[in-house]
Amino acid sequence: MRERNKSSTMASLTSTNNVPLIKQTSLQSIDDNNDAQLEPMEPCSQCINTSVLSLTIVAIACSEVPFDEKKITDMVRDDLLRVNPCFSSIVVRDKMGRQWWKRVEVRMEDHIVIPSFPPGLTPEEYTNHFDEYLAKINHDELSMDKPLWELHLVKYPTREGEGTLVFKMHHALGDGFSIMGAVFSCLKRADDPSLPLTFPCASASNARQQSDERNVLGKVVRFIDGGWNSVTGFLMSFLRSTVLEDDRTVIRSRKPRVEDLPCDIASVTFSMDDIKRVKSNLNVRRIWIVISRISPLTFMSHTVNDIVVGTIFYGTELYTKALNPSSNHLRRTALVLLNTRMLKGYRNLEEMLEKDLWGNSFSFIHLPLPSVRADKEKIDPLKFIFRAHRTIKRSKNSLGTHLNGSLLQLVGRLKGIEVCHLFVLTTSLLIFMTLKNMMNSDMFQAMSRYIYSTLENTSMAISNMVGPTEKMNIAGHPINNLYFTVTGSPQSLLFTVLSYMGKLRIVVKSERGFIDSQNFTSCLKEAFKKICEAADKADK
């Protein structure tokens, strides 16, 4: 085991297209990519592991009992490392600049970090130390000369538990779906270890939507609407990723390499029962609206995701109006990150291995933040949910989201695999013409700049994950709190959302000294409270 290293400093460089580069730990090079120990890295994974963009996932689990080092180490070695070879591989480059996974022997002592805090403090004081520690390791680079993950065991009691485990892993290992699925597959239920963890089922609204699609008129309208949304949605997404940059506001500083600046991490927790009550009340209201309009077309009820995004939008509006009431005319956009696998629920370990559901398969939706000119007391909180619902629904009834994801996959497919969708190829050529001046050594570097620009041009990002409904244990340690965040995204504000044990936690990662994280979480609490009150009135 090793002590916590001091935070590394990332120097800034500049590329030929004025996109600053980060100083990345040099990758080992290879002369022969026919080595049996080598596995090709997916195109999307290569795009987020470059000198331009490097993303890392940080998952935090709080235990009811102090962590036992040996039990945790044995669990990682015996369970997690066998899930996928990438957890036991380093990244190497060939002569063409392509990245490969190379199997190596894992030295557990190089990956387990035990931080040291002052002795004899109270849980409240240790909580402050942990928050500062978590903010610091967000900016530490993962060493490229060993597998891209670390496990930090904090053996001090905090407000949330007797011990805290921080699992830091590079996003190149996989997206949230595959990584969290792998981690959850290694864990057990606290009440009965013989039973598997279960996750919330898909919303019943999906079945209602499928029933509506059997209506002939509904099919025609959805086809026309979907075609129009696909063209306009993809083109607008492309423009926002390249030339339409958000304005400087109280939630976007526009500082270069903002991801390298110090950050604050705060969070707020809501009851899933309260969220479902809001969802139910709004759906009853929507049914009456549909009936009153005698609509023969599709009906789609509100989802938990609509409530969450609407709460974030309303909380952001409250925070913005408190600091700059005259900012209604400024452009503000949220980037909602999606997984494009279209799978319902997490798979068990064996099924994920069999179907090779690993790597990165993601896309995004641009959501303009709604703004109202009314005073704070006159704002209708439900409008933010309705606006989020309409925009997300429109994006779902569109190929634009899939085209964004296909564009990333196309980078690899153009190197030997036939592209079947003519529209994807045609629109992608437009992208590549724009990226031509951005390309230095390879196409992956160019796509990395495109993803970086997509993130940098927006005011915030939202990433949502679904966690288990039962309490789980890690190697015999019951876990009472679970959340995650992402580092390396060039934005002043980032939201990560995870449900666990009937609660939903929103983590706010913000630029230190520019955004008041405690004030922002207070605005989120106020927003959700007002949404609940307005939804209860709407039901009556």
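At 1.4 Å probe radius, can you tell me the per residue accessible area of segment 475-540 in Å²? Don't jump to the answer; show the numbers that get you there.
Working: 2260 Å² over 66 residues.
Normalised by residue count, the accessible surface of segment 475-540 is 34 Å².
Quick one: compute the contact order of segment 58-200, relative version, from alpha carbon pairs under 8 angstrom and 6+ residues apart, as a percent.
On the way: 184 pairs, mean separation 45.4, N = 143.
Computed over segment 58-200, the figure is 32 percent.
Mind ordering 186-192, 452-458, 492-498 by average Cβ neighbours within 10 Å, highest first? If you can, show how the numbers build up before the last one.
Working: 186-192: 16.0, 452-458: 22.9, 492-498: 24.9.
Per-residue mean Cβ counts within 10 Å order the peptides as 492-498, 452-458, 186-192.
Per residue, how much accessible area does segment 71-170 show when a 1.4 Å probe rolls over the protein heavy atoms, in square angstrom?
On the way: 4020 Å² over 100 residues.
Ligands and nucleic acids excluded, the figure is 40 Å² per residue.
What distance in nm separates the two pseudo spin-label positions at V65 and L195, each 7 Å out from Cα along the beta-carbon direction?
2.0
Kindly flag which residue pairs out of K279/K378; K155/K276; K503/K529; K393/K471; K383/K529 have an alpha-carbon separation exceeding 25 Å in this structure.
Working: K279/K378 22 Å; K155/K276 36 Å; K503/K529 15 Å; K393/K471 32 Å; K383/K529 15 Å.
K155/K276; K393/K471, as the Cα separations exceed 25 Å there.
In whole angstrom, and with the biggest value first, how far do the Cα coordinates of segment 451-540 range along each principal axis?
47, 38, 25
Counting Lys and Arg as +1 and Asp and Glu as -1, what is the net charge of the other residues whose Cβ lies under 10 Å from the Cβ of L197? Walk me through the intermediate numbers first.
Numbers: positive: K188, R189, K471; negative: E470.
Local net charge: +2.
For segment 58-105, what's the radius of gyration and Dmax over Cα atoms, in angstrom?
Computed over the Cα atoms of segment 58-105, radius of gyration and Dmax are 15.5, 50 Å.
What net charge do the residues around K188 carry, taking every other residue with its C-beta under 13 Å from that of K188, with Lys and Arg at +1 and Asp and Glu at -1?
Details: positive: K71, R189, K471; negative: D79, D191, D192, E470.
With Lys, Arg at +1 and Asp, Glu at -1, the net is -1.
Taking 7 Å along the Cα-to-C-beta vector as the label spot, tell me the S143-D79 distance in nanometres, rounded to one decimal.
2.7
Once the other residues with Cβ under 11 Å from the Cβ of D247 are scored (Lys, Arg +1; Asp, Glu -1), what is the net sum? Don't jump to the answer; show the numbers that get you there.
On the way: positive: R248, R252, R254, R331, R332; negative: E245, D246.
Taking every Cβ under 11 Å from that of D247, the sum is +3.
Where does each of 96-102, 179-185 land if you order them by average Cβ count within 10 Å, highest first?
Working: 96-102: 18.1, 179-185: 21.7.
Packing proxy ranking, top to bottom: 179-185, 96-102.
The values are calculated or read from the model by the stated rules, or taken from the named source; none is laboratory data. Please read these numbers as outputs of a predicted model, since none were measured by experiment. Every residue, glycine among them, receives a Cβ derived from its backbone with ideal geometry; neighbour counts consider all protein chains shown. Calculation scope for accessible area: heavy atoms of the full protein, side chains included, ligands and nucleic acids excluded. Shrake-Rupley method; radii C 1.70, N 1.55, O 1.52, S 1.80 Å.
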